[in-house]
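Read-outs throughout are calculated quantities, based only on the coordinates presented, and are distinct from any laboratory measurement. Given the structure is predicted, the values throughout are model-derived calculations rather than measurements. We place every Cβ from the backbone using ideal geometry, glycine too, and count neighbours over all the protein chains shown.
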Amino acid sequence: MTARFIASGCGCGFAPIAPGTVASVATLLPGALLLHISPTLLPLAALIATLAGLWSIRAANIEGDPRWVVIDEIAGQLLALFPLGHPSAAGLLAAFVIFRLLDVVKPGPVGWADRQGGAVGIMADDVIAGAMTAGILWAAGARWPNLFG
């Protein structure tokens, strides 16, 4: 029961519509709080979510990638927020939109990871999408320093 609760993102995965999006939105406030406290906590939180996801998916004997498993979206969204430094509405929105777009479209390495099996495959596509989002946000912030507030 605990493993399924963690895999579902503390129940976010049981939302009737767009559970991955619900989990990503639910991650924004805690992610912003971690950024406010100390930006270095964010990659640690993403790592913990990733390890918890790997454990919970294996412990619950989850086959395939059911819609209700959203711990992967939580890990990826946390990682996507990292380059913001300080939370702003524009930055949080950009991190959310870019991450969800990459997670849905699954370009290049995101799609490759999505086709891998097991817990690693379930987690890897969202972690890669989160890392790609972080790279995009970092590059945009380096080019336009005031872009995200």
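Ordering Ile17, Ile62 from the fewest to the most neighbouring beta carbons within 10 Å gives Ile17, Ile62. Between Trp144 and Leu51, the contour length at 0.36 nm per residue exceeds the alpha carbon distance by 30.1 nm. Full extension of the segment from Ala59 to Ser38, taken as 0.36 nm per residue of separation minus the current Cα-Cα distance, would add 4.4 nm. Approximating the spin labels as points 7 Å out from Cα along Cα→Cβ, the Ser88-to-Phe14 distance works out to 3.9 nm. Once the Cα atoms are used to define both axes, helix 118-143 deviates from the longest principal axis of the chain by about 0 degrees. Take the alpha carbon atoms of region 1-62, find their center, do the same for region 92-119, and report the distance between the two centers in whole angstrom. Answer, in whole Å: 15.
Remark: Ile37, Ile74, Ile57 ranked as Ile37, Ile57, Ile74, counting other beta-carbon atoms within 10 Å and listing the fewest first. Globularity index of the chain is 0.98 (Cα radius of gyration / 2.2 N^0.38 Å, N = number of residues).
Determine the calculated [θ] at 222 nm for the chain from helices alone, applying -39500 (n - 2.57) to every DSSP H run no shorter than 4 residues and normalising by the residue count; nearest 500 deg cm²/dmol. Working shown, then result.
Numbers: 7 runs with 105 residues, N = 149.
The helix-only estimate for the chain comes to -23000 deg cm²/dmol at 222 nm.
Which FRET efficiency value, to the nearest 0.05, do you get for Gln116 and Met1 by plugging their Cβ-Cβ distance into 1/(1 + (r/R0)^6) with R0 = 30 Å? Let's see the in-between values first.
Working: r = 27 Å, r/R0 = 0.90.
Efficiency at R0 = 30 Å is approximately 0.65.
Rounded, prolate or oblate: which fits region 39-121 when a ≥ b ≥ c are the square roots of the eigenvalues of the alpha-carbon gyration tensor, with rounded for a/c under 1.5 and prolate only if a/b beats b/c? Because a/c hits 1.5 or more and a/b fails to exceed b/c, region 39-121 counts as oblate.
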